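The block underneath contains the structure these notes are about, expressed in structure tokens.
The values are calculated or read from the model by the stated rules, or taken from the named source; none is laboratory data. Keep in mind that this is a model prediction, so the values were computed, not measured. Don't worry about glycine lacking a Cβ; one is built from the backbone with ideal geometry, like all the others, and counts go over all protein chains shown.
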Amino acid sequence: MIIKKTEFEQLHSYVEESSGNEKNICEITAIKNGSMVYEDYWHGYRRGDTLNIMSVTKSVMALLIGIAMDKGLIKSVDQKVLEFFPDYRVKRGEKTIYDVTLRHLLAMTAPYKYKSEPWTKVCTSGDWTKAALDILGGRKGITGEFKYSTLGVQILSGVIVNASGMKVIDFANACLFEPLGIPCHTNKEDRSKEDQFNFLMSKEPKGDVWYADPQNVNTAGWGLALSANDLAAIGLMCLQKGVYNGKRIVTEEWIDAFTTPYIDLDDRFGKMSYGFLWWIIDANKRIYAAIGDGGNVIYVNEEKGICVGIAGTFKPRIFDRVQFIQKKIEPLL
């Protein structure tokens, strides 16, 4: 007798046998109309295991900024960045930094004084937020040009700390993670270069941690460890316009704000648009995503009532995860 595999079993086998971009996937969770309809694991991962979600961390920071605005800790995205850092000493001759706002950081249109991101300079410094402020600005002024910067958004962590008087990790636990049923996180504090490399490259589960600098300020552009279930919970909250289990987490206005296209991008970015630290796939159909290296994704399709979380180990240059979701997962839902 031939036993035919279900479509979900076929998907599991497809990922398991992949020799391409899907081979690093460890976890997938999919939700349709508020209910989990698919949950799967590979490479020995189990429910609750977490991975470094890379740049999806940026999109979580966008949510925290929105929550801080809801609480009146931040007045507006048009506030000047330096309002939150009154003790910062601006370098001699630097003028542009005075005009940079939170909106510029959130939309990736802030100007920076580098040709390529100075990872060593920032990530071996004693204060990553200050080091990020040191690279902000420049002689060209504010041009509105899209400049994707993982190091630059570190400034937003400093904004959360100075606006709330709390550590980012404590603010996130209280205002986002706990209400979504995500386990409370602690800081990952071993910050040697070797440890940073291991945190990036290791294929082992990370635990409920968030990487932090020597000042115990959490990384804003990478370094948060979450499971696919956690990612899907965040997606469901966004899908439900800021509400989760009947409780409002963030305003509907902020969901609309960060999913509004602020700049349209070219082929290098898959012709997507960019909102506030979220990628806009189809503005008319309300499809958007948080996307990180290795194909870590929170995918939200409001039109179809679908959200998908995918977590995987580090694998560079994976640019087709959204297409994988749309071709391989959405049809099954």
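So, in segment 288-317, how many residues would count as being over 16 Å from the mean Cα position of the chain (by Cα) and buried (at least 21 other Cβ atoms within 10 Å of the Cβ)?
Residues of segment 288-317 that are over 16 Å from the mean Cα position of the chain (by Cα), as a first pass: 301-306, 315-317.
Keeping just the survivors that are buried (at least 21 other Cβ atoms within 10 Å of the Cβ) gives 301, 306.
So the answer is 2.
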> Which one is nearest to the chain's Cα centre (by Cα), of the residues in segment 161-175 that are buried (at least 19 other Cβ atoms within 10 Å of the Cβ) and farther than 17 Å from Ala212 by Cα?
Replying inline: Cys175
> Within segment 8-27, which residues are surrounded by 12 or more Cβ atoms within 10 Å (Cβ to Cβ), over 18 Å from Arg321 (Cβ atoms) and out of contact with any strand residue (DSSP E or B) (no Cβ under 9 Å at 6 or more places or on another chain)?
Replying inline: Glu9, Gln10
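Does Gly246 satisfy the criteria of being modelled with pLDDT under 95 and either of a type outside the set (Gly, Ala, Ser) or surrounded by fewer than 23 Cβ atoms within 10 Å (Cβ to Cβ) (or both)?
Values: modelled with pLDDT under 95: no; either of a type outside the set (Gly, Ala, Ser) or surrounded by fewer than 23 Cβ atoms within 10 Å (Cβ to Cβ) (or both): yes.
It is false that Gly246 is modelled with pLDDT under 95 and either of a type outside the set (Gly, Ala, Ser) or surrounded by fewer than 23 Cβ atoms within 10 Å (Cβ to Cβ) (or both).
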> Looking only at residues in segment 95-107 that are over 23 Å from the mean Cα position of the chain (by Cα) and surrounded by 15 or more Cβ atoms within 10 Å (Cβ to Cβ), which one is nearest to Leu136 (Cα to Cα)?
Replying inline: Ile97
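Take Asp70 and decide whether it is crowded, with 18+ Cβ neighbours inside 10 Å, closer than 30 Å to Gly309 by Cα and of a type in the set (D, E, K, R). Steps first, please.
Details: crowded, with 18+ Cβ neighbours inside 10 Å: no; closer than 30 Å to Gly309 by Cα: yes; of a type in the set (D, E, K, R): yes.
No: the conditions fail for Asp70.
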> Applying the selection to segment 115-172, what residues are without any contact (Cβ under 8 Å) to a residue 40 or more places away in the chain, out of contact with any helix residue (DSSP H, G or I) (no Cβ under 6 Å at 6 or more places or on another chain), under 26 Å from Ala290 (Cβ atoms) and assigned to a helix (DSSP H, G or I)?
Replying inline: Trp119, Asp170
> In segment 181-210, which residues are surrounded by 17 or more Cβ atoms within 10 Å (Cβ to Cβ) and in a helix (DSSP H, G or I)?
Replying inline: Gln196, Phe199
> What's the number of the condition Asp266 fails, among (1) modelled with pLDDT under 95; (2) touching a Gly at 6+ places or on another chain (Cβ under 7 Å); (3) over 30 Å from Tyr14 (Cβ atoms)?
Replying inline: (2)
